[in-house]
Amino acid sequence: MFAAAIETEGHRCLHFRFRLTSGAMATARGLGCLLTLGRWRRGLGVAPQSRAFVAVVPGVSQVDNKSDFLKKRCHRRHPGILQLSCVRLPQALADAAKLLLLESSMPITEKQVQALTNYLWSRHLPVEPEELQRRAVYLEKKYLENADSSKMEEKLREAVLRALRKTTYHWQELSYNEGLSLLYMAARLDGGFAAVSRAFHEIQARLPEFQPKTLMDFGSGTGSVTWAAHSTWGQSLREYMCVDSSAAMLELAEKLLKGGSESGVPSVPGVFFRQFLPVSPKVQFDVVVSAFSLSELPSKADRADVVQTLWRKTSHFLILVENGTKAGHSLLMDARDLVLNGKEKSPLDPRPGFVFAPNKKPREEKFSMVILARGSPEEATRWPRITQPVLKRPRHVHCHLCCPDGQRQHAVITARRHGRDLYRCARVSSWGDLLPVITPSEPPPSPAQDPPES
């Protein structure tokens, strides 16, 4: 099962789960945070105006079922269902990964895979120079209060440096050679594929008319993004640009595409590999993805430059993925704020951004997601998202919702008060799904209504 934290239209955090299985799965744990930024204007999954949905009254745990919104669909497939029940690696990718592991001159053990997984999951962001200076000043003042003045001059500097070494995270840049690239494939191939598959699924489910033709993957690594995109939009995508600074990673990704060899026929056509981003500012891609790459940059300024560059190269959606830790979440919130509040350098697209949405056996992993889009917020689906596991009780269901205006509500839904259809839809929904309701600006008058349930 996957547990994920998602940023919703109202900038609130929520969670959802889905299951991952594959034929060549490693034992990696801890997937990450995903930030999707978009420049999509038309549609955005808007429900037809002629369709009326249930209404959640602000501040009241009450839902008013106004119409038949299922349109002959079964309750388990109501229009708000977004979770993926099962994610499976493409057979060609799984077979190629197995072949490369079997033919490797450097045997990969389960212990090595787990060690790399734990290391990647526990990494923190590099300490900024300003923060390091602040800590040094604090420690200096602390030692000045307690130190012997006769020995202060000679030992103060040594004491401060020693304390900084003990309390400061020592971030190191990872250099992916052939051996580490293969180990990373064993640890993270399936997890990376599943994370971006969930993001692509959200876009495809809400925007079935969106058919991208070009994709760029920054920090492409093993190329799992290319495989996931091909599985989602293989009929329309014509160009995949994989950018990674590691030549060993690019070579490994190309071998995976060719069935584990250097001379095979690529399973996905139109894939190009390069070590640097396209120089021209006019070159844009329908979908731009950066999975687990921003955390590898040495400073906040470098991350800001990269996010702005990727955003300028995005014509529709930008997807950023990082580990589902506090460090990963903080990084993505900075990136989200940069896009929502910042100004692009030499912007080619004047449309502003807005929030569009957040192995051998199955296992649980965590990541966060926020989706931003170009255009007006009114264009997006205005349904609230379920932010916690749905609590199913006899004859009633508890749903914790994050509404489009950023407010959280606790709705208690019953068949008697809200109708059989809505009750059954809520009962089969999961965290991360959208509940097909709308929030009116003012509570509708209903004098004959029952007192609100708590």
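The values are calculated or read from the model by the stated rules, or taken from the named source; none is laboratory data. Only a predicted model underlies this, so the values are computations on that prediction, with no experimental measurement involved. Heads up, the Cβs are rebuilt from the backbone with ideal geometry, glycines too, and the neighbour counts pull from every protein chain shown. Protein only, heavy atoms only, side chains kept; ligands, DNA and RNA dropped before computing areas. Shrake-Rupley method; radii C 1.70, N 1.55, O 1.52, S 1.80 Å.
Filtering region 193-212 to residues that are touching a strand residue (DSSP E or B) at 6+ places or on another chain (Cβ under 6 Å) and either open to solvent by 10 Å² or more (accessible area, probe 1.4 Å) or on the phi > 0 side of the Ramachandran plot (or both) leaves only Ser197.
When region 373-399 is filtered for residues that are open to solvent by less than 30 Å² (accessible area, probe 1.4 Å) and either β-branched (Val, Ile, Thr) or modelled with pLDDT of 90 or more (or both), the ones remaining, listed by number, are Thr381, Ile386, Thr387, Val390, Val397, Cys399. Checking each residue in region 400-436 for being assigned to a helix (DSSP H, G or I) and open to solvent by 20 Å² or more (accessible area, probe 1.4 Å) picks out Ala415, Arg416, Arg417, Arg420, Asp421, Tyr423, Arg424, Arg427, Val428.
Go through region 103-200 and tell me which helices (runs of 4 or more DSSP H), entirely inside it, have 3 or more residues that are in contact with a Leu (Cβ under 8 Å, 6 or more places away or on another chain) and more than 30 Å from Ile319 (Cβ to Cβ).
Those helices (runs of 4 or more DSSP H) span 129-146, 149-167.
Checked against the criterion of being more than 22 Å from the chain's Cα centre (by Cα), at pLDDT 90 or above and not acidic (Asp, Glu), region 219-235 contains one or more residues that satisfy it. Criterion applied to Arg206, Arg198 was being within 24 Å of Leu84 (Cβ to Cβ) and out of contact with any Ser or Thr (no Cβ under 8 Å at 6 or more places or on another chain), and the one residue passing it is Arg198.
The single condition from (1) surrounded by 20 or more Cβ atoms within 10 Å (Cβ to Cβ); (2) at pLDDT 85 or above that Lys366 fails is (2). Of the listed requirements (1) part of a strand (DSSP E or B); (2) modelled with pLDDT of 70 or more; (3) of a type in the set (Gly, Ala, Ser), Ala327 misses just one: (1). Scanning region 258-288 for residues that are crowded, with 16+ Cβ neighbours inside 10 Å, of a type in the set (Val, Ile, Thr) and either more than 23 Å from Leu99 (Cβ to Cβ) or at pLDDT below 95 (or both) gives Val287, Val288.
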